Amino acid sequence: MPHDKHGAFVEMKDAYDAWEPFAIGLLRDTASHYNSFVTYKQLAEFVQDQTGITHKALITNWIGELLGRVIRHCVLNDLPQLSSLCVTAEGTVGNGYRAVLAADHQKNAGDRGPTETLEQLDDHAARTRLDCYRYFGAD
């Protein structure tokens, strides 16, 4: 369960609400530099440092929901998917990236949904990272 800097319990929804703008900000900053990316761990540490709200659970147990909020933000604002800039320590997007494709499929009525392999997910993410770099004027 998340806690604030004074040790008081914070509801998960409130933690996500606090973390979300910082996650988006970090990923937008990352998009402004070609070939840049952040790891899940770096993203988790950043949002916790910025808000003072920490969570002792495994990152894999909560980072997906945070990235889901980033995905929704990008869909609602017609932005390239910033979540493509967040990768594992090995440099891959992993299975959770399917949420990006699911969001794309929802926009295109009639699609049967994402069925891509992990390799195809990484290929999609690489193309999407390039879209992010271009959109956000990477140097």
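Only the coordinates and a few stated rules stand behind these numbers; no lab work does. In this text, all values refer to a predicted model and were calculated from it rather than measured experimentally. For neighbour counting, all protein chains shown are included, and Cβ atoms are generated from backbone atoms with ideal geometry for every residue, glycine included.
See the values below:
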{"quantity": "Charge sum, other residues only, whose C-beta stays under 13 Å from residue 52's C-beta, Lys/Arg counted +1 and Asp/Glu -1", "calculated": "-3"}
{"quantity": "Share of Cα-Cα pairs in segment 14-53 lying beyond 15 Å, as whole percent", "calculated": "37"}
{"quantity": "Rg/Rg_globular for segment 49-110, with Rg_globular taken as 2.2 N^0.38 Å and Rg from C-alpha atoms", "calculated": "1.24"}
{"quantity": "Nearest 10 degrees, 0 to 90: helix 118-135 Cα axis against the chain principal axis", "calculated": "80"}
{"quantity": "Estimated vicinal HN-Hα couplings, Hz - segment 60-66 in sequence order (Karplus 6.51, -1.76, 1.60; Gly, Pro = x)", "calculated": "4, 7, 9, 5, x, 5, 5"}
{"quantity": "Sites matching trypsin sites (Lys or Arg not before Pro) across segment 1-64 that sit in DSSP coil, with at most 12 neighbouring C-beta atoms within 10 Å", "calculated": "5, 56"}
{"quantity": "The chain: radius of gyration over Cα atoms, expressed as a fraction of 2.2 N^0.38 Å", "calculated": "1.05"}
{"quantity": "Computed label-point distance, nm, for sites residue 39 and residue 8 using a 7 Å Cα→Cβ extension", "calculated": "3.4"}
{"quantity": "Within the chain, longest stretch free of exposed GluC sites (Glu not before Pro) [DSSP loop, at most 10 other beta carbons within 10 Å]", "calculated": "12-89"}
{"quantity": "Computed helical MRE - 222 nm, the chain, DSSP H runs ≥ 4 contributing -39500 (n - 2.57), nearest 500", "calculated": "-17500 deg cm²/dmol"}
{"quantity": "Linear extension gain, residue 95 paired with residue 1, 0.36 nm per residue minus alpha-carbon span", "calculated": "31.4 nm"}
{"quantity": "Using θ = phi - 60° and Karplus 6.51 cos²θ - 1.76 cosθ + 1.60, couplings along segment 22-39 (whole Hz; Gly, Pro as x)", "calculated": "6, 5, 4, x, 4, 5, 5, 4, 4, 5, 7, 9, 3, 6, 8, 7, 10, 8"}
{"quantity": "Rounded tilt (10° steps) of 98-107 against the dominant C-alpha axis of the chain", "calculated": "60"}
